[in-house]
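In what follows, a structure is listed as structure tokens, so that the remarks can point back to it.
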Amino acid sequence: MSLGIQLRQARQKAQLSLRDLSARAGISIAKLSKVENGLATLRHPELIVLAEALAVPATTLLSPPADPAGTGARRAVTRADGGRKFEHSHRTYEMLCGELSGQSNLFWRVTVRDKPPGGADAFVSHPGEEFVHVLKGKVALHTEAYEPLVLAAGDSVLFDAQTRHAYFAVTREAVLLMSNTVGAEGARVQSQATSAALRPKRKR
């Protein structure tokens, strides 16, 4: 379901005219009309304001198209320390809730021990966005676009992952909750690559 259809349905359910919604949200009638007809889109802050004006959760407008019938009740669970793990550049990645097919997001618990400047493979880039929330310790995020950013426990960052980036531990180690938005096809390919990397090596 497109944003325009979702917006129109939410507006009609709230029994609001375009004029009413425009007055509540501070967005012009012309723009709202274009959005409902698929001729324009909205920035995330505008979507949040609209959700508040319509008294609906923001996910009502932000949600992607619905899955085919029968897939709406899926779930995945990862018990403590139960995810598949692999090592990369002095970092331990534990995949969280990666069992569902067609995911557009990948989730990780990452333990960072690497110190700057790191090895040759410390910096990476990939499509989509990367979100990180620091669970423990302090970490420095290095990117090509910005000065190093130090994040402490409780801090979060979201950025375009196509820019080369690396994490370095400021404390002895740091633990991160990471989410990568890669699209369903990207998630499938990356999940397959991770599975291959985790297969036990044959003993010689």
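Please work out how much length the chain gains when fully extended from Thr163 to Arg113, using 0.36 nm per residue of separation minus the C-alpha to C-alpha distance, in nm with one decimal. Don't skip to the end; give the middle numbers.
Values: separation 50, 0.36 × 50 = 18.00 nm, distance 2.17 nm.
Answer, rounded to one decimal: 15.8 nm.
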inquiry  = Once R0 is set to 25 Å, what does the formula 1/(1 + (r/R0)^6) return for the Cβ-Cβ distance between Arg43 and Val77, expressed as a FRET efficiency to the nearest 0.05?
reply    = 0.15
request  = Give the cross-link partners of Lys138 among the aspartates and glutamates, using a straight C-alpha distance below 19 Å as the criterion and excluding same-chain residues fewer than 8 apart.
outcome  = Glu94, Asp114, Glu130, Glu147, Asp155, Glu173
query = Relative to the present Cα-Cα distance, how much length would full extension add between Ala55 and His88 at 0.36 nm per residue of separation?
reply = 7.4 nm
Cβ crowding within 10 Å averaged over residues, with 174-181, 144-151 ranked highest first = 174-181, 144-151
key: Segments 115-124, 75-84 sorted - mean Cβ within 10 Å per residue, highest first   = 115-124, 75-84
note = Per-residue accessible area, 1.4 Å probe, largest first, puts Lys85, Lys136 in the order Lys136, Lys85
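The values are calculated or read from the model by the stated rules, or taken from the named source; none is laboratory data. As the structure is a prediction and not an experimental result, all values here were calculated from the model. Cβ coordinates were reconstructed from backbone atoms using ideal geometry, including for glycine residues, and neighbour counts include every protein chain displayed. Remember, those area values only see protein heavy atoms, side chains included, never the ligands or the DNA or RNA. Shrake-Rupley method; radii C 1.70, N 1.55, O 1.52, S 1.80 Å.
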